[in-house]
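Have a look at the structure below, then the notes.
The values are calculated or read from the model by the stated rules, or taken from the named source; none is laboratory data. Note that the coordinates shown come from a computational prediction; the quantities given were computed from them, not determined experimentally. Cβ: placed from backbone, ideal geometry, glycine included. Neighbour counts: every protein chain shown. What goes into the accessible areas is simple: the full protein's heavy atoms, side chains included, and nothing from ligands, DNA or RNA. Shrake-Rupley method; radii C 1.70, N 1.55, O 1.52, S 1.80 Å.
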Amino acid sequence: MAQVYHDASINGVAADGAGVLQLADDTPVLDGANAQVEEFLGERADDDEEAEEKRYYRRKRLLTVKSVVFASLGTAIIYGVYLGLLQMQLILHYDETYRDVKYGNMGLQDIDNKMLMGINVTPIAALLYTPILIRFFGTKWMLFLSSGIYALFVSTNYWERYYTLVPSATVIGVMIVPFWASIGNYITRMAQKYYEFVNYKEQNVKEQNKLPRGASHKYIIIFQSIFYSIFHISFVLSQFPVFFFLSNYLYSYNHTLHSVNECGASIMHGILPKFNVTVLHTLPPSLSLIYVESTLMGAALLSMILILALCGSAYRPTEEIDLRSIGWGNIFQLPFKHARDYRLRCLAPYFLYSGFEVLFACTGFALCYGVCALGLETLPYLITAYGLSSSVSSFFALSMLHLPRQVPLVGGALLHSCILIGLFFWSPTPKLLSQGPILYIVAVLWGMGSAMNKTGLSIIIGMFYEDKERQDFVFTIYHWLQAFAIFIVYLWSWLPMKAKLAIMLSSALVSILSYLWMEHKLRNKVPYRVPKIPAPRHKVKGYRYLEEENSDESGSDGESEQSKGEESDADENGREPIRQRCRNSNKEQCYEQAVEEE
C-alpha cells in the first residue's frame, strides 16, 4: 500500500502532522506539483478540435441567417411606417374641412405636392453619389443611416410646416436609392458568407480567394426570397394607421362617391375625378394624431435598433478598406462603366417596369379601380390583399433551384400583361359592391406578379455579378432605374387611364423580349464587357506594412544598419521579414499575422 498525505503544499512536500490515507497499490500516484502540471498540460479526452470547429461555423451560419431576418424585418418596419404615415397624411390633407379648421390658409395641398416632388424628383441624381456613400460609410452603416432618414421624416410630421415637411421629404428622395442599393448588396453578401461558412474546409475559402462560379447561387435564391417575403409585409403594416385610427373618421362610399360617374379605363383625366372633397365626418383630435405619430416614431426607432444591434457586417474591416482605396474617382465612374455590359442594358426595361408596376398597384389600380368602385374605406383592404399575396408569392422564386431562371421573371410579367389587357376593357361601376371579389382577385394576382418580378430581378443580379467589389454598382443602377420609373409615373398622373395602361403593357412586353434576347445571347456565349476594378491603393498610415516601401525607415545610416540587422536576425530565426511576407502572401492574412506578432 502506498501512503499518500491528504493535505500537501503546492510543491509536493507533505504537511507535517497530517493524516494518512490508504489507497490500493494499482492507484496511480503523482507528486502534487507534477500532478497539477500534467492535469493542465496533458491531453484531455473531451477536447475535439473538429467538433469545436463545427460548432463555431454553425454559430456563424445562425448569425448570418439572423442578420438576414432582422435586416428584412427592420426594412419592412421602416418602410411600412413611411408608407402608412404618408398615406394617412395625404388623406387628411385632402379633406377640405381638415385644411380649413386645422391650418387655415397654410396651403397643405401645395405642401403635399412639393413633398411628392421632392420624393420623386431628387432620386434622379442618385447615380452620381450612391456608390460613394456606400463605399464611404459601408453597407451596414449606409442601411442604418438611411433608416434614420425615414425616422427623421416621421419626426417632422409632429409640426406640419413647409420648412419641416418639404426638406425631410427631399432628403428621403436623396436616400431612396442608397437605401435600396445597400439592402440588395447586403442580402447578396450574406448569401455568399453563408456559403463560406458551410464550405469552410475548402481551400479557396480558407485562403479567402474568389468563390467558384455559381457556388453561392443556391443561397442567393433562398436569402432573396426570405427578404422579399418579409419585406412585402410592409404593405400590410402601412395600413395599420388607417385600420386602427383613421377608419373611425371616414365617410362611407355613398358620400365620397356621390358625384363620381366614371371609373377604371373610362377615366379621361387625373385620378378619381369628382371625388368628394370631404372624406372625414369628424375631425380627429390633435392629441390622437400625436399618439399615432408617436407610435410610428417608436416603430421607426425599433427598426433602426434592429439593423444596428442585430445585423452583422457585410464585409471584413480589411475588405472595407480595399473597397474604398480604389480611389473616389473610380468609384464615381464605375456605375457608368458597368452600363457597357449588355446584360444590364437588356435588363434595363425590366428595371423600369418594376418601378412602374409597384406604383401602379398602390395608386392607379387601388384608387382608379378599387376606391372609385367601393369607396375610400376599402383602400386598406385592397393594399393588404396585395401585400399578403406578394409576401407569400415571393417564395415562388425558390423554383429557380430546380427550374430555369426565366420562369419567375417571364411568368410575373406575363401575368401582369394579362391583367393589364383585362383592365384596358373594364370600367367598374361606382358604388356597386358586387364588384368587390373581382377587385380583390386582381389585387392578389397583381401581388403574385410583382413578387416574382422583384425577387427574380434581385436574384439574377446576384447571380450575374458575384464579385463583391462590383455588387454595389450594379444594385445602384437597378434601383436608380426603378426610381426613374417612379418619377415617370409621377409625371403621367394626369394622363387618361387607357394611356397609362398602354404604357404599362408596352413596357411589360418590351421587358420580356429584351430579357429573352439577353438569355439568347448568353446561350450563344456572346462575350460581355465587365469593367476592371482597380487594385486597392493602401495609403493609410495604420497599415504601413501593406506599402511597397518601408515607411518606418529613417534617413540616418546607423538606424538603417540597425534595421537591416534586425531583419537579418529575423531571417536567422527562421522567419521572413514582415514586408517580404506581405509581398508573397495574402495581404489580409499578413495583417492578422502582423498584429499577432506585435
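Annotation: extensible slack from Thr429 through Arg55 equals 128.3 nm (criterion: 0.36 nm per residue apart, minus Cα-Cα distance). List residues of region 81-106, by number, whose backbone nitrogen lies under 14 Å from a label position 7 Å along Cα→C-beta of Thr278. Residues 95-102 qualify, since their backbone N sits under 14 Å from the label point.
Comparing region 439-483 with the 2.2 N^0.38 Å rule of thumb, its C-alpha radius of gyration ratio is 1.47 (two decimals).
First measure r as the distance between the Cβ atoms of Tyr162 and Asn254, then evaluate 1/(1 + (r/R0)^6) with R0 = 35 Å and state the FRET efficiency to the nearest 0.05. Mind dumping the intermediate values first?
Values: r = 36 Å, r/R0 = 1.01.
Efficiency at R0 = 35 Å is approximately 0.50.
Between region 268-347 and region 174-194, the C-alpha centres lie 11 angstrom from each other. Taken over the alpha carbons of region 169-270 as equal point scatterers, the Debye sum produces base-10 log I(q)/I(0) values at 0.18, 0.20 Å⁻¹ of -1.02, -1.08. The phi-based Karplus calculation (6.51 cos²θ - 1.76 cosθ + 1.60; θ = phi - 60°) puts the 3J(HN,Hα) values of region 92-102 at 5, 6, 6, 5, 5, 5, 4, 5, 6, 7, 7 Hz, whole numbers, x for Gly and Pro.
Near Leu257: Cβ cut-off under 12 Å, other residues only, Lys/Arg at +1 and Asp/Glu at -1. The net charge is 0. Spin-label pair Val392-Ser493: with each label point 7 Å from Cα along the Cα-Cβ axis, the two points sit 3.3 nm from one another.
Using the Cα gyration tensor of region 251-349, with a ≥ b ≥ c the square roots of its eigenvalues, what is the shape: rounded (a/c below 1.5), prolate (a/b larger than b/c) or oblate (neither)?
Cα axes put region 251-349 in the oblate bin.
Mean projection of the Cα convex hull over all viewing directions, computed for region 334-377: 4.0 nm². Here is the list for region 353-458: chymotrypsin sites (Phe, Trp or Tyr not before Pro) lying in DSSP coil, each with at most 13 other C-beta atoms within 10 angstrom of its C-beta, are Phe425. In whole angstrom, how far apart do the alpha carbon centroids of region 374-405 and region 417-474 sit? Cα centres, region 374-405 to region 417-474: 8 Å.
With a 1.4 Å probe and every protein chain kept in, tell me what percent of the accessible surface of region 170-286 is carbon plus sulfur.
Carbon and sulfur atoms account for 59 percent of the accessible area of region 170-286.
Along its three principal directions, the equivalent ellipsoid of region 378-440 from the Cα gyration tensor extends over semi-axes of 29, 16, 7 Å, largest first.
Starting from the Kirkwood radius over alpha-carbon pairs of region 42-119, derive D by Stokes-Einstein at 4 °C in a medium of 1.567 mPa s and give it in µm² s⁻¹. The Stokes-Einstein estimate is 74 µm²/s. For region 267-344, chymotrypsin sites (Phe, Trp or Tyr not before Pro) are listed when DSSP marks them as loop and at most 16 other Cβ atoms sit within 10 Å of their Cβ; the list is empty.
Remark on Leu280: its backbone amide H falls under 5 Å from those of Tyr251, a criterion applied only to residues 5 or more positions apart or on other chains, H modelled at 1.01 Å from N. Here region 295-380 has 73 percent of its accessible surface on carbon and sulfur atoms, given a 1.4 Å probe and all protein chains in place. Computed log10 I(q)/I(0) for region 96-207 at 0.13 Å⁻¹: -0.63, from the Debye equation with unit scatterers placed on every C-alpha and solvent omitted.
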